[in-house]
Amino acid sequence: MSEISAFKQLYSEMIRNGGDGAIPKKTIKCYVKESFPHFLVTDGYFYVACYFTKKAVDEFHAKYSNMNITDLRSRVITISDWTLEMNKVNSANVFTSYGGVEVRLIVRSFRPVLQEKDQPTLTRHPVNLYRDDEMKTLIQNYTHSCIASSLGGASGLPDISKMSAKANVGQGVHSFASGSTFSGFSFKEGKTATVDLNSIFKQEKGADALRRLQAGPSASGKAKVVGGAKKGAKGKGKGGSGIGGIIEKITKFTPGDKKSAAAKKSTTRILTKAPTLASPGGDKHAGTTDHQSMKDFQKMISFLKNKGKGGAIGKRGGKSSTARHASGKKSHK
């Protein structure tokens, strides 16, 4: 990663040199990831913050009066004059820093790239340079070297054997920090004056625009509640715009409410339970096929049984058969 990230090479060299900004400077062509409230530029791998001098801001506005610095997001810029400075900051408040150290890119002159063919798009999501493990290790190593230098080769612990009974409790203690914040860095802190981005925004778009932006969308687009807690409009009457009127309107067109007009119109069409269908084989029903009941079937069986116990059919068959035999005998003789 260090072989292909220009910002990582520059910032690493700055830290290794102990804050010495005497680095060969070349023109930097970079992509603007964000232009407000922070001006962040990236080389395609890591992003860093830009700090503009008043000269750079005035020069830009003079040459590009139809453009705003705070509107350069997603564009490409060329930084022709720049320096690097190291500063002591509170890393809890400055996210482009680590371990109380920030390397700042001071922009003294820059211009936007206007040709469309020179407007590339990012192929990956850039990462904060100060969240890279190698950069954090490098800063930690630098801080450790500053601590060792502050101790002057001592262990940092007092020699108890050399302390007298009336010795001060601070005897032999090496102090190089205020509280838990290390302050014994060896670099010379940068003091170049830069213009705050809020001031640039106010200069380009006005104080009212900045105020509205800082207030957020809730200031102008806040949802309003219509109606009150009382029934009816202003607490009286039916069909008003108050809570009571709204409830009355909803009830009027709500099926299922006894007072609802919609419920009265739809009672004959709304089924309260699943319909029951008669089982096949029951009594005859008008409009259906002529199904016979079990009662009719049993009557038929009883009728047939009674016929078989000496009914007309059996008797006639018997007489007929006897007559034939008799005639047969007669014919035989």
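Could you go through the stretch 146-153 and let me know if any residue there is modelled with pLDDT under 80, under 49 Å from the mean Cα position of the chain (by Cα), under 20 Å from Lys188 (Cα atoms) and not in a helix (DSSP H, G or I).
For the stretch 146-153, residues modelled with pLDDT under 80, under 49 Å from the mean Cα position of the chain (by Cα), under 20 Å from Lys188 (Cα atoms) and not in a helix (DSSP H, G or I): absent.
Name the pairs: first residue in the stretch 12-40 and touching a residue at least 40 places away in the same chain (Cβ under 8 Å) and surrounded by 14 or more Cβ atoms within 10 Å (Cβ to Cβ), second residue in a loop (DSSP other than H, G, I, E, B) and of a type in the set (D, E, K, R), Cβ to Cβ under 6 Å, at least 6 apart or on different chains?
Between residues of the stretch 12-40 that are touching a residue at least 40 places away in the same chain (Cβ under 8 Å) and surrounded by 14 or more Cβ atoms within 10 Å (Cβ to Cβ) and residues that are in a loop (DSSP other than H, G, I, E, B) and of a type in the set (D, E, K, R), the close pairs are Cys30/Asp43; Val32/Arg73; Val32/Arg75.
Residues Ser12, Ser2: which one is at pLDDT below 95, polar (S, T, N, Q), farther than 26 Å from Ile200 by Cα and in contact with a Leu (Cβ under 9 Å, 6 or more places away or on another chain)?
On inspection, the qualifying residue turns out to be Ser12.
Go through (1) on the phi > 0 side of the Ramachandran plot; (2) touching a His at 6+ places or on another chain (Cβ under 7 Å) and name the single condition Gly44 misses.
Exception for Gly44: condition (2).
To keep it simple, each residue is scored yes or no on (1) more than 14 Å from Phe185 (Cα to Cα); (2) of a type outside the set (S, T, N, Q); (3) at pLDDT 95 or above.
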| position | (1), (2), (3) |
| --- | --- |
| Arg75 | yes, yes, no |
| Thr83 | yes, no, no |
| Thr123 | yes, no, no |
| Asp132 | yes, yes, yes |
| Thr143 | no, no, no |
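All but one of (1) touching a Leu at 6+ places or on another chain (Cβ under 7 Å); (2) at pLDDT 85 or above hold for Lys191; state the number of the condition that does not hold.
Lys191 satisfies all of (1) touching a Leu at 6+ places or on another chain (Cβ under 7 Å); (2) at pLDDT 85 or above except (1).
Is one or more of the residues making up the stretch 41-59 among the aliphatic types (A, V, I, L, M) and over 22 Å from Thr123 (Cα atoms)?
yes
For the stretch 43-66, how many residues are surrounded by fewer than 16 Cβ atoms within 10 Å (Cβ to Cβ) and hydrophobic (A, V, I, L, M, F, W, C)?
So the answer is 1.
The values are calculated or read from the model by the stated rules, or taken from the named source; none is laboratory data. Computed from a prediction, not measured in an experiment: that's the story for all the values here. All Cβ positions, even for glycine, are placed from backbone atoms using ideal geometry, and neighbour counts span all protein chains on display.
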